[in-house]
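J.: For reference, the structure I am asking about is given below.
The values are calculated or read from the model by the stated rules, or taken from the named source; none is laboratory data. These figures come from a predicted structure and were not determined experimentally. Note: ideal-geometry Cβ built from the backbone for every residue, glycine included; neighbour counts use all protein chains shown.
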Amino acid sequence: MKKKVVFVSGGDKGIGLAIVEKMAENDYQVISTYNVNKKGAKLLENKYQNVEFFQCNVLNYIRVKNVIRTILKKYKNVDIVVNNLGAFKDQSFVKMTKNNWDNIIDINLKSLYYFTHDFLNGMIKNNWGRIINISSIAAQQGGFGKTNYSAAKSGMIGFTKSLSLEVASKGVTVNAIAPGAIDADMFWAIPEKYRKQIVEAIPMKRIGQPQEVAELVYFLSGDNAAFITGQMLSINGGAY
């Protein structure tokens, strides 16, 4: 049988990298994007024969469309979309610039449309598909200096619930995952004293690993998750 094709946006590091590796090791054909981390992308391509990366700055819509066109020309259709791409730039709202607001909304929220819309038709035609959106605990409880990021990640949940209603009868499931503190760039960008407070507030008294999120993505991608759709699943050690 033909390998299922999975697209993972921003798969060159952090949670995205863990998802790419998990899917590649389980015999999916994995397509992913990176922006500036060419070295990380190349390392994964060299490690796995079934992984291919495309350079893509999501703020350049023409480039996004060209990448999608190239993927569809080569692979015909994509079976699974993992909207993992994310960015943050914390700043209190009274000091937040319009550029800061716009960039975070565009990267985190508009990319949902960009990377889902053109791949969805093939899923509907094949009566099978999976769309998995990586949201955040910030969408549930907010965060100081994160009005832009929280707004975008909250919008992702509304997108998930609405789209799931439109495609449920077409064999396509749409779900969101809301990770808490994870061993990735966003957590380590927080000053140490606040990191300690965050860990102390987590009932499990530790941060999560990217591989733990990847395991949930892998499950939602399979046939055993066929009756799960329109859901937002938390993975945060009990923090929320």
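J.: In region 190-203, which residue that is surrounded by fewer than 11 Cβ atoms within 10 Å (Cβ to Cβ) and outside any helix (DSSP H, G or I) is modelled with the highest pLDDT?
T.: Pro203
J.: Can you go through Ala18, Ala41 and tell me which one is in contact with a Pro (Cβ under 7 Å, 6 or more places away or on another chain) and not acidic (Asp, Glu)?
T.: Just a single option satisfies the conditions, and that option is Ala18.
J.: Quick check on region 124-155: of everything there that is in a loop (DSSP other than H, G, I, E, B) and not aromatic (Phe, Trp, Tyr), which residue is nearest to Met23 (Cα to Cα)?
T.: Ser135
J.: I'd like the full set of residues that are out of contact with any Leu (no Cβ under 7 Å at 6 or more places or on another chain) and either within 13 Å of Val20 (Cβ to Cβ) or surrounded by fewer than 21 Cβ atoms within 10 Å (Cβ to Cβ) (or both), limited to region 211-222.
T.: Residues satisfying the conditions are Gln211, Glu212, Val213, Ala214, Glu215, Val217, Tyr218, Phe219, Ser221, Gly222.
J.: How many residues are out of contact with any Leu (no Cβ under 8 Å at 6 or more places or on another chain), farther than 17 Å from Gly222 by Cβ and not in a loop (DSSP other than H, G, I, E, B) when one looks only at region 1-17?
T.: Count: 2.
J.: For residues in region 92-135 being under 18 Å from Lys161 (Cα atoms) and charged (D, E, K, R), which is surrounded by the most Cβ atoms within 10 Å (Cβ to Cβ)?
T.: Checking each candidate, the answer is Arg130.
J.: I've got another one for you. Out of the residues in region 26-55 that are without any contact (Cβ under 8 Å) to a residue 12 or more places away in the chain and under 19 Å from Val78 (Cα atoms), which is surrounded by the most Cβ atoms within 10 Å (Cβ to Cβ)?
T.: This residue is Glu45.
J.: Filtering region 186-218 down to residues that are acidic (Asp, Glu) and in contact (Cβ under 8 Å) with a residue 12 or more places away in the chain, which residue is farthest from Ser136 (Cα to Cα)?
T.: Only one residue fits best here, namely Glu215.
J.: Here's a follow-up. Within region 143-175, track down each residue that is free of Cβ contacts under 8 Å to residues at least 24 places away in the same chain and either aliphatic (A, V, I, L, M) or loosely packed, with under 15 Cβ neighbours inside 10 Å (or both).
T.: Gly158, Ser162, Glu166, Ser169, listed by residue number.
J.: Would you check if Val174 is touching a Leu at 6+ places or on another chain (Cβ under 9 Å), under 16 Å from Ile80 (Cβ atoms), outside any helix (DSSP H, G or I) and not small (Gly, Ala, Ser)?
T.: Taking the combined requirement at face value, the residue satisfies it.
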